[in-house]
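Asks: I'd like to ask you about the structure that follows.
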């Protein structure tokens, strides 16, 4: 049986801040801060009922986003905030995927342009879904007015995709990015 390691509350709270808020600090670094070995730190985390590190880091990021003073949704209820954050996170992830796809296209790595077009159409649909989630809660990704209807023909689908891509490009350019297409 191992001797019981006692850590002052202030030190434990600071260690949790490191654990949940500083992903660059390793578990060894946090254990060294507490003055214990890594195996002792593992036992202490279990005794203190700390969540797994990835879950603690994710929860910390969500709480930071909810407390962000620039976020217009900070005063909303928890359920609505989580839905809005999920929609915003989905939109951010989709935009980063679009940027990565466009970077591949710029570098000449893409040979199948039809597949690229289908992928972009899928991303446009994902952005529309994220926007619909925000509209459902009474919020918007941006202030532009639009109505999305399901396209009924290939021509309408192409036009709808063009509108979505123009909107995404405008958002990226407004954010200071060089846009999606060169």
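Asks: Of all residues in region 118-133, count the ones that are at pLDDT below 80 and surrounded by fewer than 14 Cβ atoms within 10 Å (Cβ to Cβ).
Replies: 1
Asks: Any residue at all in region 134-143 that is at pLDDT 65 or above, exposed (fewer than 13 other Cβ atoms within 10 Å of the Cβ) and in a helix (DSSP H, G or I)?
Replies: Yes.
Asks: Right, next: Among the residues in region 161-174, are any at pLDDT 80 or above, in the same structural domain as residue 88 (by TED's automatic domain parsing), more than 23 Å from the chain's Cα centre (by Cα) and closer than 27 Å to residue 86 by Cβ?
Replies: Within region 161-174 (the criterion being at pLDDT 80 or above, in the same structural domain as residue 88 (by TED's automatic domain parsing), more than 23 Å from the chain's Cα centre (by Cα) and closer than 27 Å to residue 86 by Cβ), the answer is yes, since at least one residue qualifies.
The values are calculated or read from the model by the stated rules, or taken from the named source; none is laboratory data. No experiment lies behind these values; they were computed from the predicted model shown. So basically every Cβ, Gly included, is an ideal-geometry build from the backbone, and we count neighbours across all protein chains shown.
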